[in-house]
Amino acid sequence: MAAEALGWWGVPLAVGAGAIRVSTPFLFVSLGEVVTETSGRINLGLEGTLVMGAMSGYAISFYTGSPWLGVLAAGIVGSLLGALHAGICSLPKVNDIAVGIALLLFGTGLAFFLGTPFVAPQAPNLPSIPLGFWSDVPQIQAALKVNVLFFIGVAAAPLLAWALRNTGVGLMIRMVGDNAEAARAMGYSPLTVRLWATCFGGFMAGVGGSFLSLYYPGSWSEGLSSGQGIIAVALVIFARWRPMYCLWASLLFGGAGALGPALQSVGISQGYYLFNAAPYVLTLVIMIIACSPDRTLAGAPGELSITK
Amino acid sequence: MGGFARGSLGVLLPPVLAVVATMILFAGFLAAQGVDPLTAYRLIWLGAFGTWFSWQDSLVRAAPLLLTGLCVALPAQMGLMIIGGEGAFVLGALAAVAAGLAAGNLGLPDILVQVIMAAAGICAGGVVIALCGLLRFKRGVNETISSLLFAYIAIAVMNQIIAGPMRDPGSLNRPATRTLPDNLMLGTIPGTTIHVGLIFGIIACLAAYICVYFTKFGFAARIVGGNARAGRVVGLPVERMILAFCFAAGGAAGLGGMVEVAAVQGAVSSDISTGAGYTGILVAFLARMNPLAIIPVAVLLGGLDAAGGLLQQRLNLPDATMLVLRGVLFVMLLSADALQGRLTRYLAPRRLPVTV
């Protein structure tokens, strides 16, 4: 009975629950990319890293029976792809955007190849915390089942913000990103700092990918990611390279991504595909509003190619 | 060695080295999968260019790549990196079918309807990519990201339209548009199974090459690509040139979509998103953004596509094998860029006058 009583209230509830569920990959990818971009480099290949993380996390969870080992493996694979990006970018005359595009294609291709045997079998998924235990409305219970990775991501945002602002490592990353010459004069190697920053970004993107295959939607297929990695990179620009803004932006994009399925669940299937495109449209609109042709964006790292 | 020969060697050597390095790495990858690399390479050759049958297959697959390669290479002349050709391709196909189904009933000659279909495809694709250019100079929105977002939006719009307003009531399980009547389908080159889309692609590449390298407009575009501020200082209409190049680029991809639907698929379903737009990125990079070089590169990658089926049949390798090969090739190619200039310096004669 309670289920029908909910009626139209199901839509905002599903959007809210979806915001939490769908936002987690955005959150991880964007937090990693904040660090990479703060060091003065952009990694557009995170879409490929995300898919590779999803595949390897699923495979390891399947073989070991432990989804957490899967998450770890996804992170390690992601950081290897990050190292590859950083390694190629440290060669002279190489453009980081082009390398990102190449790794986007390479990562997805490799994931599809290696992932072929894992399309059918079911691997153990990540557990969730039933925060809706107090209610006896099934939708509310379902909506408040929150994955642990979401909380880790939420905790990581202020931690990263603090670390970038207050620690020596954070200062070093910011200095390399703002003025590589100055950093070199201080005795830091920009290439090494960017290598670690890109590896960190890859690790986070890999973990974000493992969320896709190990929790929501919770299985491996080739259509698993549809541009979440690219949206997350755009989201970093919108968030002005601030980890806390990434958190809010991820929730917003997660909510937009949940709009289509939420409307479908109350029987509105008209325009289903268009509602599914909501996150892309939202990204585009926000970029149009946030960017400006005349001035460099406030808070942009000085060495970043994309804002020059 | 003459200056010209040395110059072209310096340009050609890095991509050739990249191809060699890719073949070695990919051989290792195959060996790790328990597949004999030599057998695999023999099959790739056989499936791509070994017989007249496979040549025709390769050329058919090269046709859309010629056009989607241009979608990346043309804006690159102006320093823009557009990677959303897939969106222009899909919308071009949809617009072409819409135009063909609408104009087909007017009693016009077939050839005229086909021209209208091509124009519709070109316009649909051109507008999308021109929009990316417009956002770039009006609002400073990064065109690489916006074009990819547009590709996802375009595919969603296409899915919506084929599931709704343009759905063929007969397509029960998978939504699709109505099929184009046979008289509106593009023909083949006499004596072959290759459709005339290949000729469209080659003409487009030649036209782009002449425009970029032999006209004042193309020269101006390359100035802007080198340094937009310098272009503005000498009074070039940078904004209008960006729009023109982006429209032409998207138009090429849109024409590719028209060819795909009017020569191969006949109707638009979700199968229309073949990934040709993404392969076009690799084609353009491998051709070093030179429209003329796109022709052989597209044939090469079309050949790899054609060979994928044979690898799957004979060696039981998954479809994605060719994606891995392409990915490795792309990564190697960019790494080889670092060699550019260094090799020529090494090859240059020392203390000799350059005129030989």
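The values are calculated or read from the model by the stated rules, or taken from the named source; none is laboratory data. Computed from a predicted structure; not experimentally measured. A quick note on method: Cβ atoms are made from the backbone with ideal geometry, for glycine too, and the neighbour counts reach across all protein chains shown.
Assorted remarks:
- All conditions but one from (1) in a helix (DSSP H, G or I); (2) aliphatic (A, V, I, L, M); (3) more than 30 Å from A:F118 (Cβ to Cβ) apply to A:L212; the one that does not is (3).
- For A:P217, the stated conditions do not hold, so it cannot be described as assigned to a loop (DSSP other than H, G, I, E, B) and within 30 Å of A:E181 (Cα to Cα).
- Any hit, the stretch B:126-139, residues being of a type outside the set (K, R), buried (at least 23 other Cβ atoms within 10 Å of the Cβ) and at the interface with chain A (Cβ under 7 Å from one of its Cβ atoms): no
- Apart from one condition, A:E222 fits all of (1) part of a loop (DSSP other than H, G, I, E, B); (2) away from every other protein chain (no Cβ under 14 Å); (3) within 18 Å of the chain's Cα centre (by Cα); the exception is (2).
- Residue that is surrounded by the fewest Cβ atoms within 10 Å (Cβ to Cβ) [pool: residues in the stretch A:256-279 that are out of contact with any Gly (no Cβ under 7 Å at 6 or more places or on another chain) and within 7 Å of chain B (Cβ to nearest Cβ)]: A:G271
- Filtered residues of the stretch A:80-125 (kept if more than 9 Å from every other protein chain (Cβ to nearest Cβ), under 22 Å from the mean Cα position of the chain (by Cα) and among the polar types (S, T, N, Q)): A:N125
- Output for the stretch B:140-167, where each listed residue is more than 8 Å from chain A (Cβ to nearest Cβ), in contact with a helix residue (DSSP H, G or I) (Cβ under 7 Å, 6 or more places away or on another chain) and assigned to a loop (DSSP other than H, G, I, E, B): B:M166
- For first residues located in the stretch B:148-169 and in contact (Cβ under 8 Å) with a residue 40 or more places away in the chain, partners that are acidic (D, E) and lie 6+ apart or on another chain with Cβ distances below 6 Å form the pairs B:A151/B:E86.
- Residue within the stretch A:284-299 that is within 29 Å of B:A156 (Cα to Cα), modelled with pLDDT of 90 or more and more than 8 Å from chain B (Cβ to nearest Cβ) present: yes
- Neighbours by Cβ (under 6 Å, 6+ apart or cross-chain): first from the stretch B:289-317, over 15 Å from B:I203 (Cα atoms); second among the charged types (D, E, K, R): B:G302/B:R61; B:D305/B:R61; B:A306/B:D57; B:A306/B:R61
- Checking each residue of the stretch A:206-221 against the condition of being in contact with a helix residue (DSSP H, G or I) (Cβ under 6 Å, 6 or more places away or on another chain), closer than 30 Å to B:T321 by Cβ and surrounded by fewer than 24 Cβ atoms within 10 Å (Cβ to Cβ) gives at least one match.
- Matching helices (runs of 4 or more DSSP H) fully within the stretch B:1-110 where at least 2 residues are of a type outside the set (A, V, I, L, M) and under 23 Å from the mean Cα position of the chain (by Cα): B:3-32, B:52-77, B:85-103
- Positions within the stretch B:298-310 being surrounded by fewer than 24 Cβ atoms within 10 Å (Cβ to Cβ), over 26 Å from B:I155 (Cα atoms) and either within 14 Å of another protein chain (Cβ to nearest Cβ) or at pLDDT 90 or above (or both), in sequence order: B:V299, B:L300, B:G303
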